[in-house]
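Reviewing the structure listed below.
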Amino acid sequence: MTTVATAPHFDADIYTDQALREPYGHYRALRDLGPAVWLSAHDAYAVARYDDVKHVLATPEVFRSANGIALNEPANAAILGCTLASDGERHAHLRRIVAHRLTPRALRPMREVVTDAADALVADLVARGSFDAVGDLARALPLSIVPDFIGWPEEGREHLLRWAGANFDSFGPLNARTEAALPQCGEMAAYGARLVREGGVLPGSLGAGVLEARDGGEITDEQAMMLMLDYLAPSLDTTISAVGSAIWLFGAHPEQWDRLRAEPELVPNAVQEVVRLESPIRGFGRLAAQDTEIGGVAVPAGSRVLVLYASANRDERHFADPDRFDVARPDALEQLGFGFGEHGCAGQGLAKLEIAALLTALARTVRRFEVGAPERALNNLIRAFASVPVTVHAD
Amino acid sequence: MRIEADYDRCEGHGQCEERAPEVFELDDDGNLVHHYEGRDLPAGLEDAARGAAAVCPVAALRVVETSPAPRT
């Protein structure tokens, strides 16, 4: 018989402005308390250690996504049945409709498009000398690639970033950010529904594939509407966050930039290291479908579980010197910022391609990033900068 | 030990190839080629293969311990 322990408690709200700005002290405290820690402010068990995060993600039959992703009921009800918030066969079916377009093999034709766009963008910004690494660089590339890829019509694109941010805010606890976000998520859903009703997506795009699957009877109208949005919202803020953090990190660690320039084959590893150290997604929730345990701590059926990727990625039990930025870190590939398993990020191939293309283009000409005072964007789910003013010094 | 690959689940992210190129590679079409499909790995490649299974983003690689079962 194994001994099952009771979860220790942690009383602080980890979604205040200050906690969102500086989350890593809280995460360390959670890791030190145990494998599963009761968050009394959020009615959920936090899972903050690497091994336990991986266990939860690898056990989807116990830790379910339906009704589990968000820390509040209205958001869980709103997204129920989308790819992110479904389980088992239903999830596999939805993922198959779209995910094959996002795999590295399917993305090969995109490689040139993304590389050319990154090269042109970087050439323009280097010529300017000073720019905002978030507004001018991080946002510009995905916005020039993703809406076309998904087939979103021109009309409505002006709302994409606001809706995507609201989508992520809504997954937090029912705080002011979530309350402000929920109506905007409704706007986005209504827009998705209109696309499914009226068409208007670009031919040959991911969105066109969704409508074909609907017309072929593979999915319902409602599933088509959700699929239209499933890959849009997550493909913007996440990549934008990683690129903004990358420039900030390389500005603060010029020796790492020197190393990357000297060894450009390290770029893919550097991308993993940025996502590890400044994980764009703080974490997602799950719902325990049965009485279970996490690392020997009892978790009763019906419990909400908050799986903290950003904490797992700094777990000193797994990564040596975890707060250090090291583009050559030998186990950076083991980071969990893209999640893992059945729900592992389907768009990670595109994300890595975009981030690597920008770093490669920058490494060719930029010697130093001189970073000014950055400003945080506060979002319940996404860790990101609102702006990172930078002056680049070229060779 | 062996590694079982779930080819339906594999999406070709290629992280196994980065970790254990002697064991896994993606062919020109991006499909997974498992050089030790259905057979035990030589002792010298076990660690790399375990590492590759651990970093598969979609958990399509499963480690199967065969006798004699190594201690972990």
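The values are calculated or read from the model by the stated rules, or taken from the named source; none is laboratory data. Here the structure is a predicted model, which means the values were calculated and not measured. As a convention, Cβ positions derive from the backbone with ideal geometry for all residues, glycine included, and neighbour counts pool all protein chains shown. Side chains included, ligands, DNA and RNA excluded: accessible areas come from the protein's heavy atoms. Shrake-Rupley method; radii C 1.70, N 1.55, O 1.52, S 1.80 Å.
Based on the reciprocal of the average 1/r between different C-alpha atoms, the Kirkwood radius for chain A equals 21.4 Å. Per the Kirkwood formula applied to alpha carbons, segment A:50-151 shows a radius of gyration over Rh ratio, Rg over Rh, of 1.11. When the alpha carbon gyration tensor of segment A:240-312 is reduced to an equivalent ellipsoid, its three semi-axes come out at 37, 12, 9 angstrom, largest first.
Quick check on segment A:118-218: take the gyration tensor over C-alpha atoms, sort the square-rooted eigenvalues as a ≥ b ≥ c, and tell me if it's rounded (a/c under 1.5), prolate or oblate.
Values: a/c = 2.95, a/b = 1.25, b/c = 2.37.
Verdict is oblate for segment A:118-218.
How about segment A:142-221: which GluC sites (Glu not before Pro) there lie in a loop by DSSP and see at most 13 other Cβ atoms within 10 Å? Each step should come with its number before you reach the end.
Numbers: sites: A:Glu154, A:Glu155, A:Glu158, A:Glu179, A:Glu187, A:Glu198, A:Glu212, A:Glu218; in loops: A:Glu154, A:Glu155, A:Glu218.
Of the GluC sites (Glu not before Pro), the ones in loops of segment A:142-221 whose Cβ has at most 13 other Cβ atoms within 10 Å are A:Glu154, A:Glu155.
Taking the square roots of five times each eigenvalue of the Cα gyration tensor of segment B:2-64, the equivalent ellipsoid has semi-axes of 16, 12, 11 Å, listed largest first. Rg and Dmax of segment A:298-395, both derived from C-alpha coordinates alone, stand at 17.3, 60 Å.
Based on the reciprocal of the average 1/r between different C-alpha atoms, the Kirkwood radius for segment A:216-280 equals 14.1 Å. Put a plus charge on the Cβ of each Lys and Arg, a minus charge on the Cβ of each Asp and Glu, and nothing anywhere else: the dipole of segment B:2-64 about its Cα centre is then about 340 debye. In segment A:83-115, the residues whose accessible area drops by at least 30 square angstrom when the other protein chains are added to the isolated chain are A:Arg95, A:Thr103, A:Pro104, A:Arg105, A:Arg108; the probe is 1.4 Å and only protein heavy atoms count. Note on segment A:169-301: the C-alpha convex hull projects to 13.5 nm² when averaged across all orientations. Mind telling me which of A:Gly165, A:Gly209, A:Gly199 comes out most flexible in a GNM of chain A, alpha-carbon contacts under 10 Å? Checking each option, the largest mean-square fluctuation is seen for A:Gly199. Label zone of B:Ser67 (point 7 Å out along Cα→Cβ, amide N under 14 Å): in segment B:1-31 this covers B:1.
Using a 1.4 Å probe on the protein chains only, how many percent of the accessible area of the protein assembly as shown belongs to carbon and sulfur?
The nonpolar share, carbon plus sulfur, comes to 52 percent.
Taken per residue, the accessible surface of segment A:240-318 reaches 29 Å², heavy atoms only and a 1.4 Å probe. Residues in segment B:2-64 average 48 Å² of solvent-accessible surface per residue, probe 1.4 Å, ligands and nucleic acids excluded.
Strictly greater than 14 Å: what percent of every Cα pair in segment A:16-65 meets that? Everything past 14 Å amounts to 60 percent. The B-A contact accounts for approximately 1500 Å² of buried accessible area, totalled over both chains at a 1.4 Å probe radius.
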